[in-house]
1. So which residues in the stretch B:100-146 are hydroxyl-bearing (S, T, Y) and in a strand (DSSP E or B)?
2. Within the stretch C:109-132, is there a residue that is over 28 Å from A:P36 (Cβ atoms), among the aromatic types (F, W, Y) and surrounded by 22 or more Cβ atoms within 10 Å (Cβ to Cβ)?
3. Filter the stretch A:324-342 down to residues that are part of a strand (DSSP E or B) and closer than 14 Å to A:G107 by Cα and give me whichever is farthest from the other protein chains (Cβ to nearest Cβ).
4. So A:A91 fits all but one of (1) in contact with an Asp or Glu (Cβ under 8 Å, 6 or more places away or on another chain); (2) within 14 Å of chain C (Cβ to nearest Cβ); (3) of a type outside the set (D, E); what number is the exception?
5. Name the pairs whose Cβ atoms lie under 8 Å apart, with the first residue in the stretch B:152-165 and more than 8 Å from every other protein chain (Cβ to nearest Cβ), the second hydroxyl-bearing (S, T, Y) and assigned to a loop (DSSP other than H, G, I, E, B), and 6 or more positions between them or separate chains?
6. Within the stretch C:324-350, restricting attention to residues that are among the polar types (S, T, N, Q) and either touching a Phe, Trp or Tyr at 6+ places or on another chain (Cβ under 9 Å) or more than 8 Å from chain A (Cβ to nearest Cβ) (or both), which residue is nearest to A:P213 (Cα to Cα)?
7. Tally up the residues in the stretch A:136-149 that are over 19 Å from C:R47 (Cα atoms) and either in a helix (DSSP H, G or I) or more than 7 Å from chain C (Cβ to nearest Cβ) (or both), please.
8. Hey, can you tell me all the residues within the stretch A:351-377 that are of a type in the set (V, I, T) and touching an Asp or Glu at 6+ places or on another chain (Cβ under 6 Å)?
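The values are calculated or read from the model by the stated rules, or taken from the named source; none is laboratory data. Quick caveat: nothing in here was measured; it's all calculated off a predicted structure. Cβ coordinates were reconstructed from backbone atoms using ideal geometry, including for glycine residues, and neighbour counts include every protein chain displayed.
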Amino acid sequence: MSMATEQPTQSLPQGVYLEKDIDAGELTVNIGPQHPSTHGVLRLITTIDGEVVRDIEPVIGYLHRSKEKMAESRSLFQYQPTIDRVEYLSAFFDHYVFVTSLEQIAGLKVPKRMQYVRMITMELNRIASHLLWFGTFLLDLGATSPMFYAFRDREKIFSLFEQLTGARMMYNYYRFGGANADMPEGWLEGALDFCDDFEQRIDEYEAIVTKNPIFLDRTVGVGVVDAETLIAHGVTGPTLRGSGVALDQRKDNPYCCYDEVTFDVPVGQNGDCYDRYLVRMAEMRESLKIIRQAVRQIPGGDTADLMRRRAEGDEAANDIELQIAGQKINLLTYKAPPGEVMTTVESPRGFLGCYLITDGTPKAYRCKWRGASFSNLTVLPLLMKGRLFPDLMAIFGSIDVILPEVDR
Amino acid sequence: MSDEPKENDKPKPSDGAEKPAKKAEAAAPPPPELGVCGKLLEGAGLKPVALPADAAGTETVQVDGGQLKQACERLRDDAQFDLLLSVSGVDNKTTLTAVYHLYSTKTKAKLVVKANGDKLPSVVSVWPGADWHEREAYDLFGIQFDGHPNLKRILMPDDWVGHPLRKDYTVDDPRLVWNER
Amino acid sequence: MQELLTQLITGFGLPAWLSFFLWAVVLYGMVAVVGQVAVVFMVLMERKVLAWLTQRKGPNRVGPWGTLQTVADGVKLLFKESIVGPGQDWFLFTMGPVIFFAPSFVLYALIPFTDRLVGITMPLGLLFVFALSSLSVVGIVLSGWASNNKYSLLGGMRSASQAISYEIPLVLSALGVAVAAGSLDLKTIVEAQNQGPFGLFSWYWLSILPVSFVIFHIASIAEVNRIPFDLPEAESELVSGYNTEYSGMKFAMFFLAEYASLFAMSALVVVLFFGGYYSPVGGLMLERFAGVHDNTLLGLEMVTWTVLKTYFFIFFAMIIRGTLPRLKPDQLMAFSWKFLIPLSLLNVFLVAALKMAWMTDGMLLTAGPFTFNLTYWITYGLTGLMTFIVLVGFGQLFGHKQPPLPGLSAAGP
């Protein structure tokens, strides 16, 4: 039941996406910067012929907030609160790459307990980010209700984060060598409760969406792309895994304590929007698995136990691996030794990287952000050529671009 | 406050090929040797220069600007570096440097390639994903990438003057309101 | 009432023909008032139903339980500036909402709420209903073009193609009703459905025309541009489609007319397939169980049944809106042309054949209510069999084939 939906077989002439000699029957529609489905302020110069998209050229930079310039004009510690805004839907990942970059340069050791806390928070944040994607993706396809359900569960995660960090979206929780504070008492139990609750919720979502005939019509066979093209364009994350490549930093270069938990990397087979949807839904389940194992294995256990053991004079409870920060540094006057490193993390959208160069002053010499969305967005014109106009929303939604990360 | 310098002097972890900072200052470090990829490039008739590995121990090579494209092709075809993570511009006050972070989805290896100069060949034909990254480096640093199909500003407005992330860049544009004070 | 008006007019010494026009004005005014009240209630109901579906509270600040929310919204829209931008054709820009608005409310006048309470009784009522309902698309196309906005233009074009595609199954399925009832008069159609012995189950939706009912209901949702057929104003694609550029009262007219046509279409489903103003047990409950023969009381019961059934279908449309995603234009067209239209053509043929076999009194199945007749059983059995064959056969031939679910292979640790 599809009309003229020819699949792009060859790539576009590089970079020149908008052909200037417009045919009489073609119409140039300027989608954005303000549009309900551009997920921020993205401008897409789209040439359509009837409902068929002929050309599309993304124009970015509307949300450029000079994050890289800011890094060079203030101390590392002063810069830290602002990097939540690089990718605000999964702010823990921003912090993780930045903090880890500096830890590697300075040789700061992170206590194991804090690494587990980082792992739990990042996985919770991955679920929150995927939930927002789930809601907005279906909203782009015209279904309004999933958005509200997704936000309901996202709020539960945010309440957990609020207990932990005091903020719901801009956490500023990790510190060089550890974190801001230990978990509140009973927080791990709250995380487990969320896992139990969310496991049923995600079954509900899958029940209403996964086999919905209209949803299948809109996503199956739409935006098919092979893995080689995606890798050549630098696309990573669930978008790449939907095309069948099990590329996951958590498996390949385990950071935190991902080598101490077992989980699977879901991959799709056909590389269409539907597979990307399935991969993300499966990833949320895998995240639940990781959180459960991490809560079970975390050194020191719940903070209440740890405090009690310390009060009772248990020497083992004062172990360095159970401290909030392994080495105490004065953050206000801290001068990082000269060095450079690029740290990448498996963010909900792919490889999120921070290339940090320090020169012995309190400021960073250079701080470059490698946003996953920045690279993922480059593949959109390729996927859209020759597709129908409504497919734009399905495809754009399925590669999960978040504009603050693109523009930084 | 008092223990701060001590903390700074703490040695780095011994996992990488890194030398402790103290020793590096005292005695000149031995020149780094070419790693696997560096030797591969050397074998292909190119002249890579080994640089000290970064803090995570990733191999770093410097390539002459004129040989950058051949080097990248070799690295993609022979060393399976199929994923270009990013192209970052860096202003070293004397020269501009483009830093290419490569990743292999097959061998999971990482590599850093550096090339100096404000005029470099574009690697868009090697990795199509370099398109926007090179535009960004051009926009923020003014590095000219020869052979780039569409080299124009990407983050800053099209009529912006100067390249903001250069170290000699000053914000004295009369059009900017915050300069009126 | 018309007579009263005529007496009044002639009493003032004015010519009698003036009363005809005045009556039209009065009638339309009455219909519009009733329609507006219904719409105001429907908007509130929609917001409450959608809130209920998405675990929210819905409007709960203005008035008790938020009941005055729609009134507040209406007043706000009334006082907002009605912007006409440069490059927009002022005349067509204004006429668009008017042409969209007027037919939706005239439809109310044709719905038989009781056997007497009908605004306009005409022997060709069914035909007139379709003529009016397809008129409103002209308003959408006009406003889409006059807006000087590409999204609006696309919305208008989509609306036109959608209207062309879905008018046909709509009319063809209603043709089955006309054939079965032997009339185009809406009141006669309602009366014809009351002839069966099983009340609720002898109405057309189940007894003779189940296929027609399904097609008509789907096409009526498409006709009023609601999810999953809301392509002309697809929010995530076309911002707001044909009404992107509208503000103030002009926008309110689109808004009101959409709900008015939803009410009218739901009422039409009730009239054509759901026994109109009759109770689900057949006949009228007051008459049958309490022996009431007072016309006023019986009329009240009839109105109650019509409105209740209508709101049931409105509620159904709201649940659909809260559940389903939107179709693509090509899928929408394919669904109509490849599935609904051949099916409804076949359905008309089958109903006609059935009628040739068991026709009495110009209607299919007339034996008076509450009687038993072997013909019914044969007819029901045959209809059921035919429906099953038709639906399964068409589903196999043209229906949506669910693609195999691609599994996920997991890379082990």
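1. From the stretch B:100-146, those hydroxyl-bearing (S, T, Y) are B:100, B:103-105, B:107, B:122, B:125, B:138; that's our starting set.
Within the stretch B:100-146, B:Y100, B:Y103 qualify.
2. At the first step, the residues of the stretch C:109-132 found to be over 28 Å from A:P36 (Cβ atoms) are C:109-132.
Filter again for among the aromatic types (F, W, Y), leaving C:113, C:128, C:130.
Those left that are additionally surrounded by 22 or more Cβ atoms within 10 Å (Cβ to Cβ): C:113.
Within the stretch C:109-132, one or more residues are over 28 Å from A:P36 (Cβ atoms), among the aromatic types (F, W, Y) and surrounded by 22 or more Cβ atoms within 10 Å (Cβ to Cβ).
3. Restricting to residues being part of a strand (DSSP E or B) and closer than 14 Å to A:G107 by Cα, the top hit is A:A325.
4. (2)
5. Qualifying pairs under 8 Å: B:G162/B:Y169; B:H163/B:Y169.
6. Here is the first cut: in the stretch C:324-350, the ones among the polar types (S, T, N, Q) are C:331, C:336, C:344, C:347.
From what's left, either touching a Phe, Trp or Tyr at 6+ places or on another chain (Cβ under 9 Å) or more than 8 Å from chain A (Cβ to nearest Cβ) (or both): C:336, C:344, C:347.
Details: C:S336: 16, C:S344: 22, C:N347: 25 Å.
If we take residues in the stretch C:324-350 being among the polar types (S, T, N, Q) and either touching a Phe, Trp or Tyr at 6+ places or on another chain (Cβ under 9 Å) or more than 8 Å from chain A (Cβ to nearest Cβ) (or both), then C:S336 is nearest to A:P213 (Cα to Cα).
7. Total meeting the criteria: 4.
8. The one that is of a type in the set (V, I, T) and touching an Asp or Glu at 6+ places or on another chain (Cβ under 6 Å): A:I357.
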